[in-house]
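Here's the structure, in structure tokens; my notes come after.
The values are calculated or read from the model by the stated rules, or taken from the named source; none is laboratory data. Computed from a prediction, not measured in an experiment: that's the story for all the values here. Note: ideal-geometry Cβ built from the backbone for every residue, glycine included; neighbour counts use all protein chains shown.
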Amino acid sequence: MAVYRDAKCKLCRREGGKLFLKGEKCYMEKCPFNKRPTPPGQHGAGRKKVSEYGLQLREKQKTKRIYGVQEGQFRHYYEVADRMKGITGENMLSLLERRLDNVIYRMGIGVSRTQARQLVNHSHFMVNGRTVNVPSYSVRAGDVIAVKENRKDNKFFEQIKTMKVANMPKWLEFDPEKLEGKVLALPTREDVDSQIAEHMIVELYSK
């Protein structure tokens, strides 16, 4: 699988908006996007006119980068969403939100989805009492997600115990003291706080 190893702030500049890939740094004054919001490259500032296809492509790329998935994975989410009942674009976003790495991030355990993915890869979590180390694992309503008992004394999780939970999505709950959370319901379109025009992605793939 291809792994992007260049500066992540370039991705925000390329998509023309903050993707919040670097956690707290994205909210600080020294965020590189605040200083150079133009696309990277020698001719970045001169790019103006974009075709309809270009706009659709950029929307797809932006969404892929927000959730940290590769093209094959992203296409798979679209195809699954297309077979589901309801609106394809909204179904796709719901599937992306249900990824375990995203859920960990949304519970406030990781400062970014990248960090949350790393925590999952290192087998720090259990889902319904079973260890899960697959970031793309899709949670279901009623699932209980908890830090493993033998990891709770880790310095990182000790700090989590003292944090105040803010802006928790209504479809999730998390108890910092117990280091345990629950999926109360499946996420809907209104639960996605990123500015994504999912209909453009559907139009791109349906051509």
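Being surrounded by 21 or more Cβ atoms within 10 Å (Cβ to Cβ) and assigned to a loop (DSSP other than H, G, I, E, B) is the filter here, so list the residues in the range 99-133 that pass it. Of everything in the range 99-133, those that are surrounded by 21 or more Cβ atoms within 10 Å (Cβ to Cβ) and assigned to a loop (DSSP other than H, G, I, E, B) turn out to be Met107, Ile109, Gly110, His124. Only one of the numbered conditions (1) exposed (fewer than 15 other Cβ atoms within 10 Å of the Cβ); (2) assigned to a loop (DSSP other than H, G, I, E, B) is violated by Ser136, and that is (1).
Residues checked against (1) within 17 Å of Val103 (Cα to Cα); (2) in contact with a helix residue (DSSP H, G or I) (Cβ under 9 Å, 6 or more places away or on another chain); (3) among the aromatic types (Phe, Trp, Tyr):
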| site | (1), (2), (3) |
| --- | --- |
| Arg151 | no, yes, no |
| Phe157 | yes, yes, yes |
| Met168 | yes, yes, no |
| Leu172 | yes, yes, no |
| Leu179 | yes, yes, no |
| Ala197 | no, yes, no |
| Ile201 | no, yes, no |
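Any idea how many residues of the range 77-94 are not in a helix (DSSP H, G or I) and not charged (D, E, K, R)? Of the residues in the range 77-94, 3 are not in a helix (DSSP H, G or I) and not charged (D, E, K, R). Of all the numbered requirements in (1) surrounded by 15 or more Cβ atoms within 10 Å (Cβ to Cβ); (2) modelled with pLDDT of 95 or more; (3) under 30 Å from Ala81 (Cα atoms); (4) not basic (Lys, Arg), Leu179 misses one, and that requirement is (3). Scan Lys148, Lys164, Lys155 and give me the residue that is more than 18 Å from the chain's Cα centre (by Cα), of a type in the set (Lys, Arg) and at pLDDT 95 or above. Of the residues listed, the single one that is more than 18 Å from the chain's Cα centre (by Cα), of a type in the set (Lys, Arg) and at pLDDT 95 or above is Lys148.
Within the range 167-203, being over 21 Å from the mean Cα position of the chain (by Cα) and either hydrophobic (A, V, I, L, M, F, W, C) or assigned to a helix (DSSP H, G or I) (or both) holds for one residue alone: Glu203. Residue check: is Asn128 on the phi > 0 side of the Ramachandran plot, free of Cβ contacts under 8 Å to residues at least 40 places away in the same chain and not small (Gly, Ala, Ser)? Yes; evaluated as a whole, the condition is true for this residue.
Quick check on the range 150-162. Is at least one of its residues outside any helix (DSSP H, G or I), farther than 30 Å from Lys207 by Cα and not polar (S, T, N, Q)?
Yes: one or more hits.
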